[in-house]
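Reading through the structure tokens given below for one structure.
What follows draws every value from the coordinates through simple rules; no lab data is involved. Remember, predicted model here, so these are calculated numbers, not experimental data. Counting neighbours? That spans all protein chains shown, and the Cβs are built from the backbone with ideal geometry, glycine included.
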Amino acid sequence: MNIEGLISDLAFILILGAVVTVLFKWIKQPVVLGYIVAGFLASPHFEYLPSVTTEENIDFWAQIGIVVLLFSLGLEFSFKKLLNSGGSAVVTATIIITGMMCAGFTVGHLLHFNHINCLFLGGMLSMSSTTIIIKAFTDMGLRQQKFASIVLAVLIVEDLFAVLMMVLLSSIAINNTVEGSELLFSVGKLVFFLIIWFLVGVYVLPSLLNRIRRFLNSETLLVISMGLCLGMAVFSVYCGFSLALGAFVMGSILAGTSYAERIEHVVTPVKDLFGSVFFISVGMMVRPDILAGYWAPILLLSAVVITGMIIFGSVGMLITGQTLKVAIQSGFSLTQIGEFAFIIATLGMSLGVLDNTIYPIVVAVSVITTFTTPYFIKMSLPAYRLVERYLPKRLHFLIDRYQKEADRSDAAGRPWGRILKRYLWRTAIYAVILSGILIISEKYMTPYLTNFAGEWSRLLSLAVTLTAMSPFLLALMLPTSSLKGEKNSAEERIPRLVMMIFRFAVALGFVVAVFVRIYSSKVGIAAIISLVILLLFFFSKRLRDSMGRIENKFIDNLNERELRRSGRKNAVVHDLHLAYMTVGSGCPFVGERLMDSDIRRIYGVNVVGIQRDTRYIPIPNGRTRIYPGDVISIIGTDDQISAMLPKVEAQMPETEHTADPTRIKLTSILLGNNSPLIGKTPQTSSLRDTYNALVVAVDRGEEHIDSRPDLMFMTGDIVWLVGDPTEINQLK
């Protein structure tokens with residue numbers, strides 16, 4: 001690798017990107033569009049400026065950018081949040097992918113492509129760009145809105161579907177048919193590795209980070225988090241998946257820890273740096289000759305992507321019970337294709353089944369739809385108002401009624417939902433562990449014992465495998481101690497019975513699988529040995545308690561962030577708990593001293609510590625002020641902490657139009673005879689409330705008078721005001 005060329009290319013695109021993005025900020029355009037324009041200017045296709053020496057250098061930095069962007073997304077989108085919105089996300093993603101596949105297939109035939117090219121084209125058009133949408137939401141300050149979290153859930157589900165789609169398309173391209181076994185194997189492998197990563201990560205990482213808590217300054221936390229991110233990304237590739245999927249999984253695991261906010265803070269500069277390189281690399285793929293030669297298919301496919309994503313995305317959201325506003329905002333946010341389109345196109349090229357003209361056309365469509373994405377996100381609210389205004393009342397009534405029915409159905413299914421959520425994840429986790437033991441036994445242990453034990457190898461392998469499986473079979477069949485203590489309500493009896501039968505069936509299936517895969521002539525003896533072992537474990541209270549402690553530890557790690565906020569399971573004395581709350585911008589006592597905030601009188605709690613960046617203030621005195629971003633340590637009862645938590649973490653409400661600080665300027669006005677300020681003072685004129693303006697000084701003849709509360713305005717005065725000139729001009 002030419003190190004000098006690598007550094008010079010990076011320096012060139014960053015300097016060019018800085019200049020162009022400053023220009024785009026000045027003309028009030030989304031920053032991501034500036035990166036794309038900068039990429040085009042830096043590419044060999046723009047001859048009026050120097051270009052990068054080696055485009056592979058930029059691809060290298062861009063791959064790091066994708067990894068860090070997906071890692072940052074995972075930090076804000078934990079597995080728990082994904083599971084909570086999973087049903088809606090899966091249904092919406094399925095509708096979008098199915099609809100766009102059909103649309104792409106149809107348009108491909110209109111453009112005279114063959115069947116396999118039409119299938120690949122449909123696959124490329126069906127995946128929205130996660131990285132583009134993340135960047136657009138971040139730049140526009142929309143990450144915390146309801147529709148944004150749902151859109152991100154849909155994008156993650158789409159990325160998981162993309163892995164299966166690539167297997168499906170490969171099978172069709174090679175065999176002209178769908179290999180069901182290969183597809184099922186890919187699905188099973190993906191689920192298996194996701195659960196293993198999730199299980200090991202959630203059980204190990206929070207405990208490990210808590211043990212080294214006192215050593216974790218910003219530098220160490222950055223090194224550890226980026227090491228975990230890149231390590232999981234590499235391991236993901238080793239397992240046959242993408243770098244981006246591994247990075248997202250690691251981010252999701254860390255999102256459940258109490259360090260998520262700090263990790264996000266230290267990783268943000270790295271994400272901004274390499275993320276910009278990724279978007280610049282997208283702009284470098286713009287080829288004017290392709291745009292000129294294939295402008296008609298490019299415009300047609302761009303229109304199909306934008307229109308199709310709006311329609312299928314909005315319909316999918318409405319079907320899952322979302323409001324009309326959320327549905328339209330979501331649909332307008334998904335109007336682009338991105339990195340998976342390039343991956344699918346590259347797959348088709350490598351298999352030799354994709355027409356050479358499709359790849360550059362798809363690249364051009366991706367760039368165009370990426371360029372228009374921020375504008376469509378901005379258009380979503382006006383579009384919603386337009387639809388709401390002209391939508392027939394009957395149809396509006398049906399949508400509202402459907403949403404209420406969906407909510408009511410969800411409430412009616414809660415007993416089943418509670419039981420399924422409670423047991424299915426345990427069943428899935430233990431099933432994956434048992435599958436792993438079975439695979440290890442078959443691939444490694446049995447061949448080894450064959451050479452070691454001769455004719456007794458299968459019997460010995462069977463006994464060892466069942467012994468290793470026994471604790472997990474027991475945990476799969478029996479509820480944990482925490483679940484035993486819960487009240488068994490009448491409405492939950494049938495779901496509990498069904499799940500009990502299901503768990504026993506799964507456990508029995510694994511036992512049968514062991515006998516089938518490791519068959520021995522001494523089956524009877526092995527069966528007796530395994531039965532004795534199982535009975536010993538079954539009646540071992542100590543083992544059951546141990547498995548219960550392991551599960552409880554896993555649950556506590558999974559909910560560590562929530563437990564830390566609420567103080568549950570962190571008792572200090574009697575019914576008092578210690579909670580750690582992050583102060584939001586909308587907290588009612590932000591900026592106040594503790595003695596003035598009346599926290600003790602209003603909420604009955606005690607503030608015992610304040611974490612402010614890297615500084616910790618133990619037992620703060622009454623003169624200590626509270627600022628946004630502080631992590632305050634609170635001691636109180638569960639009820640007191642629950643009442644205080646939403647107040648402390650409250651955020652300032654988002655508005656559709658935010659103030660532009662660059663418009664605050666010093667402006668002068670001449671007071672005429674009819675001015676409403678005549679005879680008033682700065683204190684009585686209500687300039688602050690009415691015009692958001694502040695009086696700085698007054699010129700009266702040759703005299704310059706500094707502002708004071710009792711200064712009375714007179715005809716002919718020149719009043720100097722600080723504020724928005726547009727509002728101040730109303731006084732002129």
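The spacing between region 101-133 and region 283-307, judged by their C-alpha centroids, is 14 Å.
Kirkwood hydrodynamic radius (Cα pairs, Å) of region 257-387? Computed over Cα pairs of region 257-387, the Kirkwood hydrodynamic radius comes out at 16.9 Å.
Work out the FRET efficiency for L49 and R601 from their Cβ-Cβ distance, taking R0 = 60 Å, and round it to the nearest 0.05. That pair, L49 with R601, gives E of 0.35. Near the amide H of G609, within less than 5 Å, lie the amide hydrogens of I619, S633, all on another chain or at least 5 residues away, with H placed in the peptide plane. Each Cα pair under 8 Å and six or more residues apart adds its separation to the average, and for region 665-716 the resulting relative contact order is 46 percent.
Applying a DSSP loop filter and a limit of 15 other Cβ atoms within 10 Å to the GluC sites (Glu not before Pro) in region 691-732 leaves E702.
Between T220 and K189, the modelled labels are 3.9 nm apart [label points 7 Å from Cα along Cα→Cβ].
Applying 0.36 nm per residue to the separation of T450 and N621 and subtracting their alpha-carbon distance, the gain on full extension is 54.4 nm.
Working ranking of peptides 426-433, 206-213 by packing, defined as the average number of other Cβ atoms within 10 Å per residue, highest first, is 426-433, 206-213.
Please give the contour-minus-distance gain from A643 to V234: 0.36 nm per residue of separation, less the Cα-Cα distance, rounded to one decimal in nm. Don't skip to the end; give the middle numbers.
Numbers: separation 409, 0.36 × 409 = 147.24 nm, distance 4.44 nm.
142.8 nm is the gain from fully extending A643 to V234.
Neighbours of D598, meaning other residues whose beta-carbon lies under 13 angstrom from its beta-carbon, give a summed charge of +2 when Lys and Arg score +1 and Asp and Glu score -1. Using the Cβ-Cβ distance between D289 and E56 with R0 = 22 Å, the FRET efficiency computed as 1/(1 + (r/R0)^6) comes to roughly 0.55.
Backbone N atoms of region 248-264 closer than 12 Å to the 7 Å Cα→Cβ label point of T582 belong to residues 255-264. Over region 661-731, the pair-distance histogram of Cα-Cα distances with 10 Å bins from zero comes to 21, 60, 18, 1 percent, rounded to whole numbers.
Taking each residue as 0.36 nm, the span from E261 to R143 lengthens on full extension beyond its C-alpha to C-alpha distance by 41.0 nm. By other beta-carbon atoms within 10 Å, ranking W26, W197, W720 with the fewest at the front produces W26, W720, W197.
For region 664-682, backbone nitrogen atoms closer than 19 Å to the point 7 Å from I705 Cα along Cα-to-C-beta are found at 667-682.
Modelled spin labels at M712 and T427, positioned 7 Å past Cα toward Cβ, are 8.5 nm from each other. In this calculation the C-beta distance from V464 to R688 is compared with R0 = 56 Å, giving a FRET efficiency of 0.10. State the Kirkwood hydrodynamic radius of region 6-73 in Å, one decimal place, computed from all pairs of distinct Cα atoms. After inverting the mean inverse Cα-Cα distance, the result is 12.7 Å.
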